1. On the basis of being in contact with a helix residue (DSSP H, G or I) (Cβ under 8 Å, 6 or more places away or on another chain) and either open to solvent by less than 10 Å² (accessible area, probe 1.4 Å) or under 14 Å from LYS312 (Cα atoms) (or both), does VAL408 make the cut?
2. Has the range 268-291 got any residue that is part of a loop (DSSP other than H, G, I, E, B) and of a type in the set (Asp, Glu)?
3. Looking at this structure, is TYR217 under 17 Å from GLY401 (Cβ atoms) and either of a type outside the set (D, E, K, R) or within 16 Å of ligand 1 (Cβ to nearest atom) (or both)?
4. (1) open to solvent by less than 50 Å² (accessible area, probe 1.4 Å); (2) away from ligand 1 (no atom under 16 Å from the Cβ); (3) out of contact with any helix residue (DSSP H, G or I) (no Cβ under 8 Å at 6 or more places or on another chain): which one isn't true of HIS351, the others all being true?
5. Looking only at the range 249-267, how many residues end up being in contact with a Pro (Cβ under 6 Å, 6 or more places away or on another chain) and not small (Gly, Ala, Ser)?
6. Quick one: would you say ARG403 is in contact with a strand residue (DSSP E or B) (Cβ under 6 Å, 6 or more places away or on another chain) and among the basic types (Lys, Arg)?
7. Any residue at all in the range 354-374 that's within 16 Å of ligand 3 (Cβ to nearest atom) and without any contact (Cβ under 8 Å) to a residue 40 or more places away in the chain?
8. Select from the range 375-408 the residues that are touching a residue at least 24 places away in the same chain (Cβ under 8 Å) and basic (Lys, Arg) and list them in ascending order.
Amino acid sequence: MNPAEFPRRRRQLMRIMGKGSIAIVPAAPQCLRNRDVRYRYRPDSDFYYLTGFPEPEAVAVLIPGRDQGQYILFCREKDPKKERWDGAIAGPQGAVELYGADDAFPIGDLDDILPRMLEQCDKVFYSMGADAELDQRMSQWISRIRGKARSGVHPPQEFIALDHHLHDMRLYKSRSEVAVMRRAARISAAAHRELMAACRPGMTELDLEGLFLQACYRKGVREQAYQPIVGGGDNATVLHYINNDQVLADGDLVLVDAGCELECYASDITRTFPVNGRFSEPQRQLYQLVLDAQLAAIAQVKPGNPYNAPHKAAVRTLTRGLVKLGLLKGQPAKLIKEEKYKKFFMHGTGHWLGLDVHDVGDYKIDGHWRELEPGMVVTVEPGLYIPRGMRGVAKKWQGIGIRIEDDVLVTRDGHDVLSKDAPKTIEEIEALMAR
Ligand code: GLY
Ligand code: MN
Ligand code: MN
C-alpha cells in the first residue's frame, strides 16, 4: 500500500467533518483464543484504513483545524520488559515518527486528555455500539463535561455516525487499493489452480486446504480473509461448511471457497471441480448452468447499473436452466416472482469486497439499490445446492453443490475480473486436471 494513502484518507474524512468537530476511532482489542493463547492480532478495518497503525490498545482522534495538530494517536507506551516478550511497541514517539501522527499520548492518559478535546468541539463523529467499553467511557466524559456547565463549558451538541461516512469512503477503492486487491486475487487464483491440478480421489478436504495455504505462504502471505471452505460431494451443499476433514470421493465434485488477505485486503474466490478431473453428465449440466449464470451476472457489472442487476441476471439464467433440466416446473417469470429458485439458490449473488470480506458500504440509498460506480469491488457468486435426499429431485442431481465466485472491479467502461487467473470453464478445468 502506498503510505501516502493514510494521510490522504484522514484529510478526506476531515474535509467531510468540517471545523469544530472531532472523530474518535478505537483500535480492535487483542483477542484470546483460549487460556493464555492469543490470536494473531488483526487491526480493526476502520481504524487501519485511517491510520495504518498495527497495534492494539490505541485510539485515533481527528480534529480538523486543531492548531497543535489534527491527527492525535493514543497508544501503548514503550516498555522494554514487555517488548522482550512480545516484540516492539511504537510508543507515542514512534506514532509520530513512523505513523505520521501530529501528536501522540500514552493510552493511559485518554481519560485526562480526551474530555478536554471533546469540550472544544460541537460535533462528535463516533461509531456508537461498536466498542462497549469506549461507549461507556464516552458517556462518562460527556456527563463530566455537563457537570462543568457553570464554568461555561458545553458538551458537544451533535453525535454523528462515523461509520456512515467512513464506509462510504471505503466503498470506492483508490488505484493503490485496487493494486493490492489485484495482487491478493492473483495469489488466491494461483493457489486455486495449484490445488485443482493436484487433486485426486482419496485425498482429503484438508489436503486441499493445506495446498491452498501452502501456495499462499510461498508467496509470503499468511492471512486468509475467512476460514476456507472445502466441501466434497454433499458437504458442498452446506454453505458455511468449514470442517474440511472428509475424504474426497471419486465421482464427486468438490467446492473450494478460499481467499487470502493481503495487507488487510480480502480476496474471495470459489471454484468447483470434479475430484477425478472429469465432470459426469449431470455435474456438467449443472455446472454449465451456474457458469452461464455467473457470466450473465458479471456482464451486468458496469457503472450505472443498480447493485442488484447481477443478482437478477443470475436468477433469470438459473431459473430458466432449472426448468430446462426439469428441476423446476412452470413459467420462469412466475417461478422468479415466487422465488422458487431459492430451493436451490438461497443466497445473494455477491457483496462488496475490500478490507472486510463482506465489506462495508450501503447497498441501498433511500430504499433504492445503489448504482455501481468505478472503483467499487463486488463478488459475483451464484450457486446451486442439491443435498442428498432432497425431496422431489431425481437422484442423479443429489449430493451436488456448485458455486463459482469471482472478484470484480467496476471500471469506467464496465468491469475487470481480478480473479480471472483461476480456471472456470469445463474445458479449462478438465485440461488442467488431466495434466
Ligand atoms: N467466503 C465468503 C463468501 O463467499 O461470502
Ligand atoms: Mn463471497
Ligand atoms: Mn467466498
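1. Working: in contact with a helix residue (DSSP H, G or I) (Cβ under 8 Å, 6 or more places away or on another chain): yes; either open to solvent by less than 10 Å² (accessible area, probe 1.4 Å) or under 14 Å from LYS312 (Cα atoms) (or both): yes.
Against the criterion (in contact with a helix residue (DSSP H, G or I) (Cβ under 8 Å, 6 or more places away or on another chain) and either open to solvent by less than 10 Å² (accessible area, probe 1.4 Å) or under 14 Å from LYS312 (Cα atoms) (or both)), VAL408 qualifies.
2. So far as the range 268-291 goes, yes, one or more of its residues are part of a loop (DSSP other than H, G, I, E, B) and of a type in the set (Asp, Glu).
3. The answer is no for TYR217.
4. (2)
5. Initially, the range 249-267 is screened for residues in contact with a Pro (Cβ under 6 Å, 6 or more places away or on another chain), giving 250, 253, 258.
Filter again for not small (Gly, Ala, Ser), leaving 250, 253.
Number of matching residues: 2.
6. yes
7. Yes.
8. Across the range 375-408, the qualifying residues are ARG388, LYS396, ARG403.
The values are calculated or read from the model by the stated rules, or taken from the named source; none is laboratory data. Nothing here was measured: the structure is a model prediction, and the numbers come from that model. Methodologically, a virtual Cβ is constructed for each residue, glycine included, from the backbone with ideal geometry; neighbour enumeration extends over all protein chains shown. We work out accessible area using only protein heavy atoms, side chains counted, and drop any ligands, DNA or RNA first. Shrake-Rupley method; radii C 1.70, N 1.55, O 1.52, S 1.80 Å.
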